[in-house]
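The values are calculated or read from the model by the stated rules, or taken from the named source; none is laboratory data. If you're wondering where the values come from, they're calculated on a predicted model, not measured in any experiment. FYI the Cβ positions are ideal-geometry reconstructions off the backbone, even for glycines, and counts take in every protein chain you see.
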Amino acid sequence: MDPLIKKIIDFRHEELPDYEKYLMLGGGTPGPNLVKGQGVYAYDIDGKQYIDCTSQSWALHLGYSHPEINQAIKEQMDLSVHFHTGFYTIPRYLLARKIAEIFPSKMNRVMFTIGGGATIEAALKVAILNNPSAHNFISLYGGYHGTSFMTTGASLTGTFAYGKYHGGASLAHFCQNFIRVPAPYYFRPYFETCNRDDNDEVDRKCLEALEMQTKYGSTGPVCAVLMEPLQASGGQLIFSKKYLQGVRDICTKNKIILIWDCIQTAFGRLGDWSASNHYGVTPDIMVCGKSMGAGFPINCIVISDDIEGVKMDGIDLHTFGNNQVSQVAALKQIEIIERDNILENVKKEGNFIAQEVRKIADKYPQIGEVRGLGFHIGIELIKDPATREADYAGCSAVRDAGFEFGIIFGVGGSGKGKNVLKIKPPLITTHKQAEEIIEKFVKTMGKVYGS
């Protein structure tokens, strides 16, 4: 064993204070000090095992340390690790073609990048090239698209959504402020409705708001609409096909480029390769990342045949935008998902988990709603079923209790805190492991809300 790896493995909890003073973090949700992982399980510095319902920021679709991916990247590393973006490489050709094959038929041109915020900006650049006379952008309430100067202006983190201005809001004078319109938050609409359970009314009002902003809220034409096809950080919101098609129609009618931020949803999490494959609605640009590289950093935009792409003139260039290790990992992951019929597993076990949580909700009125599509599952925790008041403290307590019982939950939401518990495990989660998730969820609910 390499001495450096041995030092990492042998590192002890009591040594941490000597090192913590040198580290600075700009965000994240604190949890255990993790050292290793295998399959759907992570292990902390003390050896405690956790079943991971976050896939580490939704990036490990095939779990930790997948042996076939590890073998493929080891062999690639003996060939090359890094060539500059301008040099042509075989893995990049292979991956671009494969992505075009699995995504909708019109999405055929791929540009590789690195980092979510930079990739969103690459998509905005393409939108500007196609709409040179327009300069305004629209995004949705509750959307999250990154922390760069540009993407902060599109995200909930720079707004008063959490009951205060913090984080990205301190950069407001450098950010491009996006025009924001309400997203269809069916359980907790951003506006008054005649019937709070009338999803069609919510869809209609959200589409009307978008239409009105394109006409009356923008000085000059709107260049692009940037949105997640299913909202993730904002509360695991699952939009209707009617709404998504409505946005598509408004954009087409007004010659607006439609950009879907698919960073958290593409490559299998929904039980399909993308939200576009699932819904049958196609944007002009898809932005991908996170799980794309099976834990290795890689992002891309995929554009429709209906719009113009970039030229090789330096408009979007990244030193590490042509990483062969990440490309091989991405290719191998797609191969395994196809070969092992993993998309069907996602549909089956994702539906099982969602249905089991709905059964548990009969006992716990604190579970206001369960939203699930594949392994994109959100549990909205509330204080009172009548008022649907969000239970931010309860959600945090459930996540913390989960650590005690050996399970890692995610949290999200767009209110004065985070009241939506996320269950988004690796796509390889078996039925037995899905039952384990339910068992541990019941224990955490019992500890927080009583059994």
>> Need the failing condition index for Pro189 against (1) out of contact with any Pro (no Cβ under 7 Å at 6 or more places or on another chain); (2) modelled with pLDDT of 95 or more; (3) within 24 Å of Thr387 (Cα to Cα), just the number.
In response: (2)
> Taking helices (runs of 4 or more DSSP H) that fall entirely within the range 1-66, which contain at least 1 residues that are modelled with pLDDT of 95 or more and surrounded by 14 or more Cβ atoms within 10 Å (Cβ to Cβ)?
Replying inline: 55-58
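Just to check your reading of the model, which residue among Gly31, Gly47, Gly63, Gly26 is in contact (Cβ under 8 Å) with a residue 40 or more places away in the chain and at positive phi?
Among Gly31, Gly47, Gly63, Gly26, only Gly63 is in contact (Cβ under 8 Å) with a residue 40 or more places away in the chain and at positive phi.
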> Among the residues of the range 311-351, which ones are buried (at least 17 other Cβ atoms within 10 Å of the Cβ) and among the hydrophobic types (A, V, I, L, M, F, W, C)?
Replying inline: Val325, Val328, Ala329, Ala330, Leu331, Ile334, Ile336, Ile337, Ile342, Leu343, Val346
> In the range 249-269, what residues are over 11 Å from Met292 (Cα atoms), in contact (Cβ under 8 Å) with a residue 24 or more places away in the chain and either of a type in the set (Ser, Thr, Tyr) or in contact with a Pro (Cβ under 9 Å, 6 or more places away or on another chain) (or both)?
Replying inline: Cys251, Asn254, Lys255, Ile256, Ile257, Leu258, Ile259, Trp260, Asp261
>> For the list (1) buried (at least 24 other Cβ atoms within 10 Å of the Cβ); (2) modelled with pLDDT of 95 or more; (3) over 19 Å from Leu237 (Cβ atoms), I need the number of the one condition that Ser139 fails.
In response: (3)
> Does Phe178 qualify as being at pLDDT 95 or above and among the hydrophobic types (A, V, I, L, M, F, W, C)?
Replying inline: no
>> Would you confirm, using the coordinates I've provided, whether Ser240 is at pLDDT below 95 and either polar (S, T, N, Q) or in the same structural domain as Lys424 (by TED's automatic domain parsing) (or both)?
In response: no
> Does the range 199-224 hold any residues that are of a type in the set (A, V, I, L, M, F, W, C) and within 26 Å of the chain's Cα centre (by Cα), and which are they?
Replying inline: Val202, Cys206, Leu207, Ala209, Leu210, Val222, Cys223, Ala224
>> Cβ-Cβ under 7 Å, sequence separation 6+ or interchain: first residue in the range 157-179 and under 15 Å from Phe137 (Cβ atoms), partner in a loop (DSSP other than H, G, I, E, B) and modelled with pLDDT of 85 or more. Which pairs?
In response: Cys175/Gly153; Gln176/Gly153; Asn177/Gly153; Phe178/Gly153; Phe178/Ala154; Ile179/Gly217; Ile179/Ser218
>> Report every pair of residues separated by at least 6 positions or lying on different chains whose Cβ atoms are under 6 Å apart, first residue within the range 186-209 and free of Cβ contacts under 8 Å to residues at least 40 places away in the same chain, second hydroxyl-bearing (Ser, Thr, Tyr).
In response: Glu201/Thr193; Val202/Tyr186
>> Conditions first: (1) on the phi > 0 side of the Ramachandran plot; (2) within 23 Å of the chain's Cα centre (by Cα). Ser240 passes all but one, so which condition is the exception?
In response: (1)
>> Go through the range 412-431 and report how many residues are closer than 24 Å to Thr157 by Cα and either out of contact with any Cys (no Cβ under 6 Å at 6 or more places or on another chain) or of a type outside the set (Val, Ile, Thr) (or both).
In response: 12
> Taking the range 373-398, which residues are surrounded by 21 or more Cβ atoms within 10 Å (Cβ to Cβ) and under 20 Å from Ser57 (Cβ atoms)?
Replying inline: Leu373, Gly374, Phe375, His376, Ile377, Gly378, Ile379, Cys395, Val398
